[in-house]
Number of protein chains: 2
Amino acid sequence: MRKVSESTVRRLSLYLRFLEQSLVHGLTTISSGDLARRGGTTSAQVRKDLSSFGSFGKRGLGYSVPQLATRIRDILGLGRAYRVVLVGAGKIGGALVHYEGFRQRGFQIGAIYDRDPKKVGSRWNGVVVRDVKRLEADLTKEPSDIAIVTTPAESAQAVVDALVAAGVPAILNFAPVPLDVPAGVFLKHVNMALELEALSYALANR
Amino acid sequence: MRKVSESTVRRLSLYLRFLEQSLVHGLTTISSGDLARRGGTTSAQVRKDLSSFGSFGKRGLGYSVPQLATRIRDILGLGRAYRVVLVGAGKIGGALVHYEGFRQRGFQIGAIYDRDPKKVGSRWNGVVVRDVKRLEADLTKEPSDIAIVTTPAESAQAVVDALVAAGVPAILNFAPVPLDVPAGVFLKHVNMALELEALSYALANR
DNA sequence: TTCTGTGAATAGGTTCACAGCT
DNA sequence: AGCTGTGAACCTATTCACAGAA
């Protein structure tokens, strides 16, 4: 397996969604051109993306929908469930807890943490909110694969430090602040204000 | 001004954040190296990014913090307020309505739309939720620069079609579905499941 | 001396184009 | 004929390295 770019991984996720839809519609075979149209790219790109991982298609025919879906799910590591902890029981945290798309894909929110004593003890979508003080101790007993950080900017780095200390290998950050993690820990940001600013730039310079 | 990449625009937003913080801390001058450290990039990258728009620095010294902040705000088109409409008064929509980061940057949510009669008429952070049927008519009277779509996947394309028909030039989509817009309309996606899948890939292939 | 601004070099990602299966 | 798989060409973005201003 050769080195694969971030963009390729993103596109694989999109292909997988389309494959799953196609499966529901009873399609058995699909061409790179079909996948391209839906993923907003070109057929050559689709084939290149897939070829990094092997040859899954049949020349003259295309790809088997269920086979390719399984293969991509495998590549993306979606063949298993992930235990996710969420730190920060605010508005965004609440939205994420109730977001069905996560659970559907095997991302199970197993614990929620907050600093606010008024929130601690309440139930969010069946999960009890715990005091963030327990975060490190809990993670030692119940290791998590992924943490989602939805705290205010000020607390985010401290939370991330605790997560890293407790051995959490992957973090998705919604706090609008750049964070430091040691090498070997995977960190991704979702920054909604940034996206709006990109639109603002586009509008200002059209 | 030469052509500027998406990544450059994203980095400019990050530089701006750091500049604003530095301003609060009373700094008057900053070097490309300082900006780089905070933006997770290199000093050469920072200088290249800025040089697409002009020469704002002083050799041997660096950049004036307030001047550069103003200049970037200008470049990004943040010198003005934007009227934003939000379509989809669900959990994510609710989180966005209350997100202070938007208003701080001049993105003002002026109207919220939903299909659910139970939600229509209620107040969200001071804004009354309207029936989505009124969307096009309202937009004709009160044009908006940006729309944020947080509907379920099924309704997103229809909503976007209405937005485009009503002349909205920029759309930020949170629905987990690819959308079609005509050329000239700016469309950006925020796909949280996709980000988790990128982490899943990283974990599976480390 | 310090730090910017920028051409030149390098690396990385995308598209082309075509040989080779089915 | 249709569609994949892939080297080669192309294009875009990042890094290097250095001349020049403060």
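Summary table below
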quantity	calculated
With Cα atoms, 0 to 90° folded angle of helix A:153-165 axis to chain A main axis	80 degrees
B:TYR113, B:TYR99 arranged by Cβ crowding within 10 Å, fewest neighbours leading	B:TYR99, B:TYR113
Test item: Cα-centred dipole of segment B:10-60, Lys/Arg +1 and Asp/Glu -1 on Cβ, debye	160 debye
Among A:VAL164, A:PHE107, A:VAL149 the positive-end extreme of the charge dipole of segment A:96-179 (Cβ point charges)	A:PHE107
Dipole of chain A [Lys/Arg +1, Asp/Glu -1 at C-beta], most positive-end residue of A:LEU194, A:VAL87, A:LEU35	A:LEU35
Chain B Cβ-axis minimum, rotational copy A, residue and distance in Å	B:ALA95, 2
Cα centroid separation, segment A:11-28 to segment A:172-187 (Å)	31 Å
Point-charge dipole on Cβ atoms (K/R +1, D/E -1) for the protein assembly as shown, about Cα centre, debye to 20	620 debye
Choice from A:ASP131, A:ASP180, A:ASP161 with maximal GNM fluctuation in chain A (Cα, 10 Å cutoff)	A:ASP180
Around A:LEU19: net Lys/Arg minus Asp/Glu count, Cβ-Cβ under 11 Å	+2
Using a Förster distance of 41 Å, the FRET efficiency for B:LYS141-B:ASP74 (Cβ separation, nearest 0.05)	0.85
Cα lying deepest toward the dipole's positive end in segment A:6-75, options A:GLN45, A:HIS25, A:TYR15, charges on Cβ	A:GLN45
Residue-averaged [θ]222 nm for chain A, counting only DSSP H segments that reach four residues, each worth -39500 (n - 2.57)	-13000 deg cm²/dmol
Relative contact order, percent, segment A:104-200 [alpha-carbon distance under 8 Å, six or more residues apart]	19 percent
Compactness of chain B as Cα Rg over 2.2 N^0.38 Å, two decimals	1.19
Cα gyration tensor shape of segment B:82-193, rounded if a/c is under 1.5, else prolate or oblate by comparing a/b with b/c	rounded
Proximal aspartates and glutamates to A:LYS188, defined as alpha-carbon separation beneath 16 angstrom and excluding residues fewer than eight positions away on the same chain	A:GLU6, A:ASP145, A:ASP161, A:ASP180, B:GLU195, B:GLU197
Label 7 Å beyond Cα on the Cβ vector: A:ALA137 copy-to-copy distances, nm	6.0
Mean separation of Cα contacts under 8 Å (6+ apart) over length of chain A, as relative contact order %	14 percent
Cα shape, segment B:6-75, gyration tensor, a/c 1.5 rule	rounded
Cβ-placed point charges (K, R +1; D, E -1), dipole of chain B about Cα centre in debye, nearest 20	800 debye
Extent along principal axes [Cα atoms of the protein assembly as shown; Å; largest to smallest]	61, 55, 47
Neighbour-count order for B:ARG10, A:ARG37, fewest beta carbons within 10 angstrom listed first	A:ARG37, B:ARG10
Relative contact order, percent, segment A:133-189 [alpha-carbon distance under 8 Å, six or more residues apart]	36 percent
Folded to 0 to 90 degrees: helix B:192-204 orientation relative to chain B principal axis, Cα	60 degrees
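The numbers here are math on the coordinates, done by the rules we state, and not lab data. These figures come from a predicted structure and were not determined experimentally. For neighbour counting, all protein chains shown are included, and Cβ atoms are generated from backbone atoms with ideal geometry for every residue, glycine included.
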